[in-house]
Every structure is written in C-alpha cells, then in structure tokens.
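Trainee: Structure incoming, see below.
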Amino acid sequence: MTGFSFSAAALPVYGEKQPHADIARGMDVLDAAFLIAQECPGGVAALAQRMGVSANTLQHKLNPNNTSHHLTLKEALALQVVSGLPYVLYAMSAALDHVCLRSRPDVADGDAWEAYRFFQQSIGELTAATADALKGDGPTSANALRRVEHQANEAIAGISALVNAVAVRVPKREG
C-alpha cells in the first residue's frame, strides 16, 4: 500500500477539563481573574512570583472590591499564561458574544491531502459522537456532551487546516 500516512498528536481527550472553564465563560472579567488566583496552586504569591510582580500589588489588582488598583491587559495575559487558566479570555469572549476554543496544532503538517483526510475523519467522529449523545429519549450525560464538544473542536481545527492547506497552494501575485 503506497501513499498512506498516519499522524497522531498528543491532544487532551474530551474527558479532560479545566475545573471552572464553563463557569468562567459567563462571568465578569474581574471575577474570572480572581478565580484564577483562587484555583492556581500557591495562590497570588505563586502567580506574582512567576509574573515577576509584587504579590501585594497583584492581590490588590485581583480584589474585585478594590477600585484603586487595576489589572492591565498585559498583566491579565501574563496571569493566564503562567497559570494555564484562560478564564479571562473565556469571560471576554462570552461578553462579546463569541466562542473561544483551544487551538489545535495543524496535524496535517501542510499536506493538503492529509488535511482533507483529517477533516473528513473529524466530521465522521463528530457525527458519531452526536448520534451517541442523542440516542434514546433519556437525558444526555455530561461525558457525552464533553465528547461532542471535543469532536466539534476537532472538526473546527480540521476546517482550519484544510483552508490553510488550500491557501498555500494559491500562487502569489507579483507586485
């Protein structure tokens, strides 16, 4: 058999979830930043050390009742990067009526045929997950929902990889 390839990426499975990611999607951005400090091991002191800022100042900036100190956009980004908890991003996305999903690497590595195969496979897996979740008249489990969400995210990544693979094949215009 020639021309066959298989690629697999180390991606989180649909059962893995950040503890309060769903809650953060509907909360105020300041509350989301405060939640990061509550959930991060070591709390504000550990976050401040990794961010290279004063723990006392960061504590004031994360206090939703404090009106004199404010978290800057760069600090909010740093807070999320060092904690690994993108709750402010989720809250901002929800406030702007958008959806924010974790980005997936291009598992096709720029190969157009591989991108097409990955896209088709992801659509099949989304269809299967959705069919399983909708079987019967009873309620759908939270795990079934997570599986559908995961497969939907994979399908979105597949679409993006497919569009990018086609776009790089378009000749660039001179001048």
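Trainee: Among 90-97, 57-64, how do they line up from the highest to the lowest mean number of other beta-carbon atoms within 10 Å?
Mentor: Values: 90-97: 15.8, 57-64: 17.6.
Highest to lowest by the protection proxy: 57-64, 90-97.
Trainee: Could you check the spin-label model distance between residue 72 and residue 141? Points 7 Å from the Cα along Cα→Cβ, value in nm.
Mentor: About 4.8 nm, to one decimal.
Trainee: Using a Förster radius of 25 Å, what is the FRET efficiency between residue 156 and residue 31 based on their Cβ-Cβ separation? Nearest 0.05, please.
Mentor: Working: r = 28 Å, r/R0 = 1.10.
After rounding to 0.05, the efficiency reads 0.35.
Trainee: Now for a different question. For residue 111 and residue 38, calculate 0.36 nm times their separation in residues minus their Cα-Cα distance, and state this gained length in nm to one decimal.
Mentor: Numbers: separation 73, 0.36 × 73 = 26.28 nm, distance 4.31 nm.
This chain segment gains 22.0 nm when fully extended.
Trainee: Stretched out fully, how many nm does the piece from residue 149 to residue 163 gain, at 0.36 nm a residue minus the Cα gap? Mind showing how you got there, number by number?
Mentor: Values: separation 14, 0.36 × 14 = 5.04 nm, distance 2.12 nm.
This chain segment gains 2.9 nm when fully extended.
Trainee: Please report, to two decimal places, log10 I(q)/I(0) for the stretch 112-167 at q = 0.12, 0.18, 0.19, 0.31 Å⁻¹ as given by the Debye formula with identical point scatterers on the Cα atoms and no solvent.
Mentor: -0.32, -0.58, -0.63, -1.11
Trainee: Which GluC sites (Glu not before Pro) from the stretch 119-175 combine a DSSP loop assignment with at most 16 other Cβ atoms within 10 Å? Display every interim value, and only then the final one.
Mentor: Values: sites: 125, 149, 154, 174; in loops: 174.
The qualifying sites are 174.
Any read-out appearing in this document is the output of simple, stated calculations on the displayed coordinates, not a laboratory observation. None of the values given here were measured: they were computed from a predicted structure. A quick note on method: Cβ atoms are made from the backbone with ideal geometry, for glycine too, and the neighbour counts reach across all protein chains shown.
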